[in-house]
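A short write-up of the structure that comes next.
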Amino acid sequence: MKEILPGVFYCGLHDKDRKVFDQLVPLPQGTTYNSYMVRGSQKCALIDTMYVKFRSEYLDMISSTGIAPDYIISNHAEPDHTGVIPALLKQYPKTLVYCSAKCAENLKNMLHVPADRLKIVSDGEELDLGGRTLRFISAPWVHWPDTMFTHLVEDNLLFTCDYFGAHYTHAAVMADYTPELAEAAKRYYAEIMMPFRSFCAKYLEKVRALNPKMILPSHGPVYDKPEFIMNLYADWTSTEVARKVIIAYVSMYDNSKIMAEYLQNALSARGMEVVCADIMTLDEGEMAMELIDAAGLVFGTSMVLTGPHPKSVYLAYLINLLRPKLKFYSVIGSFGWGGNLTAPIDAMFSTLKLKKFEPVIAKGKPLPADFAKLDALAEAISATA
Ligand code: FEO
């Protein structure tokens, strides 16, 4: 446990060995689960708690203070921040959990927290710890409907749970403001927050208005220079896109790869930034980061039986969930004897409403006529982007 300010303690733990989050998000350096203890003259509160993997370490850390927490503030119910709540409530029979109505519902369903241990709070409600006030700020959809922020009013500290988080374990507690931290925060935004970009932008303005002295998320470091992370979010959540196209291809016998690389060169020759990635070796976090400001996406895919390679359909499905700012897409690729290379990918983009450029599909090894179509596709993209 580390004292951040008098009476405000960091009681998080680092999980450097964790390789993947939610069975989906790669973690190049693991993550941290941050929890904070705030003591007033009368009462003590924990703000967010701990993943159940570290139950005994966390309970030992809290009990070593000799102070029973009166309150647990649960900004969000996902179990990486709440998994130890049942154990805490057992150890401290008078402790109550303060949270939003939706969070209370989630805690009942996911952790079987008894209703009589839950206190639902609304936007602007305050909790007096004795000379220290916690004010709850409703902030749904960053990234669940249950989320809220907690403002420690007198010290002007803002606890934002996942919002402004980073899967970053190189800093002990306070941010080191390195390019590596910016990269980790970007990866986190792309994977977790990008689907909720408009909410992120809205809350950014709200946070700026508070002008907090520190931002204390529940993953990654504490920002004692909050403008660092706020400026990054301003950039990522803007409505602007770059003249940038991502080509993601999967190729069984190199024909689709040849087409992808030809299109890459044709777009580059027209002054566009192009990221060309083999889906088979793709890091999905890297792809998500590239999608933050990409204008367009081109799938390159071989035919498998009667449709596109399943790896390309999966990626299209994932990108549709991430809801990047993309404006357009297309499909290129090669087939042997038949099938429909585009319809299953089109179906994945049902919610993104993208402009679709005419696909370029070659039968077997691409011919000069196919390359001419790729040139035309590059010209059309360049004229739009
Ligand atoms: Fe870090 Fe949505 O939990």
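The values are calculated or read from the model by the stated rules, or taken from the named source; none is laboratory data. Keep in mind that this is a model prediction, so the values were computed, not measured. Positions of Cβ are backbone-derived with ideal geometry, glycine not excepted, and every protein chain shown enters the neighbour counts. Surface areas here come from the heavy atoms of the whole protein model, side chains and all, with no ligands, DNA or RNA. Shrake-Rupley method; radii C 1.70, N 1.55, O 1.52, S 1.80 Å.
The table that follows gives values for the structure above.
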{"item": "Table column - 3J(HN,Hα) (Hz), segment 189-200, Karplus curve with 6.51, -1.76, 1.60, x for Gly and Pro", "result": "4, 5, 7, 10, 9, 4, x, 10, 4, 5, 5, 4"}
{"item": "Placed amide H near I332: partners under 5 Å, 5+ positions off or other chain", "result": "F299, G300, T301, V360"}
{"item": "Derived scalar couplings ³J(HN,Hα) [segment 296-303; Karplus, 6.51 cos²θ - 1.76 cosθ + 1.60; whole Hz; x for Gly, Pro]", "result": "x, 9, 10, 8, x, 8, 6, 8"}
{"item": "Cut-off 14 Å between beta-carbons: net charge of the residues surrounding E180, Lys and Arg +1, Asp and Glu -1", "result": "0"}
{"item": "Most mobile of A184, A242, A45 in a GNM of the chain (Cα contacts under 10 Å)", "result": "A242"}
{"item": "Karplus-derived HN-Hα couplings along segment 97-103 (A = 6.51, B = -1.76, C = 1.60, θ = phi - 60°), whole Hz, x at Gly and Pro", "result": "9, 9, 6, 6, 4, 5, 5"}
{"item": "Free-standing Cys residues across the chain, given no other cysteine C-beta under 4.7 angstrom", "result": "C11, C44, C161, C200, C276"}
{"item": "For the chain, size of Cβ-based charge dipole, Lys and Arg +1, Asp and Glu -1, in debye", "result": "580 debye"}
{"item": "Cut-off under 5 Å, modelled amide H: who pairs with I72 long-range", "result": "L46, L96, V97, Y98"}
{"item": "Mean residue ellipticity (222 nm) of the chain, computed from DSSP H runs ≥ 4 via -39,500 (n - 2.57), nearest 500", "result": "-9500 deg cm²/dmol"}
{"item": "For the chain, built as a Gaussian network whose Cα springs stay under 10 Å, the top-fluctuating residue of S64, S100, S251", "result": "S64"}
{"item": "Sequence-distant residues sharing a close amide H with M214 (under 5 Å, placed H)", "result": "L158"}
{"item": "Simple label model, 7 Å out from Cα along Cβ direction - N231 to V153, nm", "result": "3.2 nm"}
{"item": "Positive-end residue, segment 2-236 charge dipole about Cα centroid, Cβ charges, pick of M110, A172, A201", "result": "M110"}
{"item": "Mean-position separation - Cα centroids, segment 163-180 and segment 1-44, in angstrom", "result": "12 Å"}
{"item": "In Å², nearest 10: area of R55 left accessible to a 1.4 Å probe", "result": "110 Å²"}
{"item": "The chain: antiparallel DSSP beta bridges as a percent of all, rounded to 5", "result": "40 percent"}
{"item": "Protection proxy ranking, peptides 4-16, 355-367, average beta carbon neighbours within 10 Å, highest first", "result": "4-16, 355-367"}
{"item": "Modelled FRET efficiency - R0 45 Å, S138 with N340, Cβ distances, 0.05 increments", "result": "0.45"}
{"item": "Local net charge near E126, Cβ-Cβ under 12 Å (Lys/Arg +1, Asp/Glu -1)", "result": "-2"}
{"item": "Mean Cβ neighbour count within 10 Å, used as a protection proxy, ranking 115-123, 224-232, 307-315 highest first", "result": "307-315, 224-232, 115-123"}
{"item": "Positive minus negative residues near A68 (Lys, Arg vs Asp, Glu; Cβ under 15 Å)", "result": "+3"}
